[in-house]
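Student: One structure, pasted below without further comment.
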Amino acid sequence: MTDEPSDPSSADLRPKRAAPVLDAFQRNYARVQYHYVQFLTEHLADCARTFSGDLSKVLVLAVLGQRYIEAQTSGHSDKDSGQSAAMSASRIADVTGLSRETVRRKLSEMSGPGWVEQGADRRWRIAAVDGASTLRRDLSDLDMRGLQRLARLYAALSPLAD
């Protein structure tokens, strides 16, 4: 995971575009915080239900999923994107703050249904066949509910950003 955008031209726009939004959010702090906490609570509760309370698994998948999406949208070749989407269990542990043993156990559990796979280099990635992941198919309902929540959050926050 990287904080830097893949497109160097967008790197210059982020601080310029974010500063006025941050100012507006600070002026409307209570209302912004209300909508944000509502979004976060609903989404975490939905994830907890979907994963039988195992939010550690959600966190590991989120880190790998972000890396996978970044690799898919970066414009690199399939071979390059597969390599850049992979992470070691140790690196995932560092990013998430989970113990290495917990990360390894979660990865092993998620390899069973074909959600993640370990390469010959011992690094983990979201498993995909012909560009489609089993994970996305299996979690499509959660994904749709998350997009609906995100759309509601955007609709609630955009007027406050002016």
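The values are calculated or read from the model by the stated rules, or taken from the named source; none is laboratory data. These numbers come from a predicted model, not from an experiment. Here the Cβ is made from the backbone with ideal geometry for all residues, glycine too, and neighbour counts use every protein chain on show. The protein model used for the area step is the full one, side chains on, heavy atoms only, and it has no ligands, DNA or RNA in it. Shrake-Rupley method; radii C 1.70, N 1.55, O 1.52, S 1.80 Å.
Student: Here are 101, 70: which of them is of a type in the set (Asp, Glu), under 19 Å from residue 119 (Cα atoms) and at pLDDT 95 or above? Walk me through how you get there before you give the answer.
Tutor: On the way: 70 fails: at pLDDT 95 or above.
Selected residue: 101, the only one of 101, 70 that is of a type in the set (Asp, Glu), under 19 Å from residue 119 (Cα atoms) and at pLDDT 95 or above.
Student: Going through 151, 132 one at a time, which residue ends up being within 30 Å of residue 29 (Cα to Cα) and exposed (fewer than 14 other Cβ atoms within 10 Å of the Cβ)?
Tutor: Working: 132 fails: within 30 Å of residue 29 (Cα to Cα).
Within the list 151, 132, the selection yields 151.
Student: Just the residues that are outside any helix (DSSP H, G or I) and closer than 17 Å to residue 109 by Cα, please, taken from segment 17-63. Spell out how you get there, then give the answer.
Tutor: Taking segment 17-63 as the starting set, the residues that turn out to be outside any helix (DSSP H, G or I) are 28, 51-54.
Hits for segment 17-63 are 51, 52, 53, 54.
Student: If residue 32 satisfies all but one of (1) within 23 Å of residue 154 (Cα to Cα); (2) in contact with a helix residue (DSSP H, G or I) (Cβ under 6 Å, 6 or more places away or on another chain); (3) open to solvent by 30 Å² or more (accessible area, probe 1.4 Å), what's the number of the condition it fails?
Tutor: (3)
Student: Looking at segment 123-162, which of its residues are polar (S, T, N, Q) and closer than 30 Å to residue 90 by Cβ?
Tutor: Taking segment 123-162 first, the residues polar (S, T, N, Q) are 133-134, 140, 148, 158.
133, 134 - these are the residues of segment 123-162 that are polar (S, T, N, Q) and closer than 30 Å to residue 90 by Cβ.
Student: Can I ask one more? With respect to residue 56, is the statement that it is at pLDDT 95 or above and over 18 Å from the mean Cα position of the chain (by Cα) true? If you could, list the steps in order and put the result at the bottom.
Tutor: Numbers: at pLDDT 95 or above: yes; over 18 Å from the mean Cα position of the chain (by Cα): no.
For residue 56, the condition - at pLDDT 95 or above and over 18 Å from the mean Cα position of the chain (by Cα) - is not met.
Student: Something else: Restricting the search to segment 114-142, which residues are part of a strand (DSSP E or B) and not β-branched (Val, Ile, Thr)?
Tutor: Taking segment 114-142 first, the residues part of a strand (DSSP E or B) are 116-118, 124-126, 128-129, 132-133.
The answer is 117, 118, 124, 125, 128, 132, 133.
Student: Something else about it: So residue 105 passes all but one of these: (1) surrounded by 11 or more Cβ atoms within 10 Å (Cβ to Cβ); (2) part of a loop (DSSP other than H, G, I, E, B). Which condition number does it fail?
Tutor: The failed condition is (2).
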